[in-house]
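Input: a single structure, listed below in structure tokens.
Read-outs: derived from the displayed coordinates by stated rules, not from any lab. Computed from a predicted structure; not experimentally measured. Neighbour counts are summed over all protein chains in view; Cβ atoms, including those assigned to glycine, are modelled from backbone coordinates with ideal geometry.
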Amino acid sequence: MIIVMKPHAKPESVQRIKNMIESKGLDAHISNGKEVTIIGVVGDKSKLNDQNLEIFDDVDKIVPVTESYKLANKKFHPEPSLIKVGNTVIGGDSLVIMSGPCAVESAEQVLATAHAIKKSGAQILRGGAYKPRTSPYAFQGLEEDGLKLMKEAKDETGLSVICEVTSLAAVEAAVKYVDMLQIGARNMQNFYLLKEVGKTGLPVLLKRGLSATIDEWLNASEYIIAEGNPNVVLCERGIRTFETATRNTLDISAVPVIKEKSHLPIIVDPSHATGVRKYVKPLAMSAIAAGADGLMIETHPDPASALSDGPQSLTFEQFDLLCKELRPLANLMGKKF
Ligand code: PEP
Ligand code: MN
């Protein structure tokens, strides 16, 4: 449930309710809006049965929250969350673009990509060092050596960097080198891993599971936030449907649905959604038009020789052109880029 305070409620009134909630063994999450403060209650609500909350000073109303996710719920936190990654803010008035190779392959590849995407306007370099491949015989990633190359690229260009983590060992290594952790689609419901990235406090990009509903996805984000880490950004990357013309089916409606249900920022990955280079631009455009806070786009110096996801990766020239083409649309949607 949430307790909505009257406009300009006194801080003492808020504190008194918080103390009472905590004395019952429940958690109270305060969200201070411009005029109205909201107190979100997490835990077994039956413990509050003997309390008439409406008679506390400055309480306006009590609203039940029926969804199982609470901390990710917009009712708990009506203002959009702004998530800071290095010097970049996701969820604010700028379009944020993360770009780079599917997998880190070499120092030359990562550095060339970092310089190229920065020149085109991207703010965050992506690159997988731990690759969750469908085949156990496919390239699995350079692991910690790959993380080091990402850190080198960060130091050389000033870009922030994001890498996917697939295990506790990967989390422990990645926190030494990266600005943001990525949970891939295949691990969206690896609840143990979600708790571990929650404990790091680093910003987390949570990709939607291949067959996950929006409700399941928001519950996955709740696992991270419940560990005390509110720095979660969601990423729609396409879901499994009966359609085979594209690798996945981009659920563009997830963007407005998430905006209605949650305060967390949402970005779109048209590369994994389609698996086809020529479809990246139209879906990137549609994501911006739907109100996404950013994009994740795979780029490679020579997609034909990429060790993974070459067919969906853009060349630097294609990425630069795309950035130029999407700029006016981003501005029209109220996003600086
Ligand atoms: C990736 O971003 O490289 C990746 C593996 O994506 P997803 O988890 O969305 O398949
Ligand atoms: Mn990929």
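So what's the convex hull volume per residue for the Cα atoms of region 111-153, in Å³?
It is 81 Å³ per residue.
I need the Kirkwood Rh of region 180-337: take the reciprocal of the average 1/r across all distinct C-alpha pairs and report it in angstrom.
Final number for the Kirkwood radius of region 180-337 is 16.1 Å.
Quick query: amide H of residue 182 versus all other amide H atoms, modeled in the peptide plane; which residues come in under 5 Å with a sequence gap of 5 or more or a different chain?
Here 163, 164, 165, 205 satisfy the definition.
About the Cα centre of the chain, how large is the charge dipole given +1 on each Lys and Arg Cβ and -1 on each Asp and Glu Cβ? Please answer in debye to the nearest 20.
Here the size comes out at about 420 debye.
Cα-Cα over 20 Å: which of 84/335; 24/195; 18/47; 118/324; 47/261?
Listed pairs above 20 Å: 24/195; 47/261.
For residue 199, go through the aspartates and glutamates and keep the ones whose alpha-carbon is under 14 Å away, minus same-chain ones fewer than eight residues off.
172, 222, 227
What span do the alpha-carbon atoms of region 243-318 cover on each of the three principal axes, reported in whole Å from largest to smallest?
Over region 243-318, Cα extents along the principal axes are 41, 27, 19 Å.
Residues with amide H under 5 Å of residue 262's amide H, sequence separation 5 or more or different chain, H placed in the peptide plane at 1.01 Å from N; which?
Under 5 Å from the amide H of residue 262: 74.
Largest first and to the nearest Å, give the Cα extent of region 1-128 along each principal axis.
65, 28, 22
Could you work out, for the chain, what percent of all Cα-Cα pairs fall into each 10 Å distance bin, beginning at 0 Å and stopping at the bin that holds the largest distance?
Spelled out bin by bin, the chain gives 6, 26, 32, 21, 11, 5, 0 percent.
Report, in deg cm²/dmol and to the nearest 500, the calculated mean residue ellipticity at 222 nm for the chain, where each DSSP H run with n ≥ 4 adds -39500 (n - 2.57) and the sum is divided by the residue count.
-10000 deg cm²/dmol, from helical runs alone.
Report relative contact order for region 104-214 in percent, whole number only (criteria: Cα-Cα under 8 Å, sequence separation at least 6).
Value for region 104-214: 22 percent.
Mind listing which chymotrypsin sites (Phe, Trp or Tyr not before Pro) in region 169-250 are in a DSSP loop and have 11 or fewer other Cβ atoms within 10 Å?
Sparse-neighbourhood loop chymotrypsin sites (Phe, Trp or Tyr not before Pro): 242.
Return one quarter of the surface area of the convex hull spanned by the alpha-carbon atoms of region 143-229, equal to its mean projected area, in nm².
5.4
Tell me, what is the percent relative contact order of region 2-63, built from C-alpha pairs under 8 Å that lie six or more residues apart?
48
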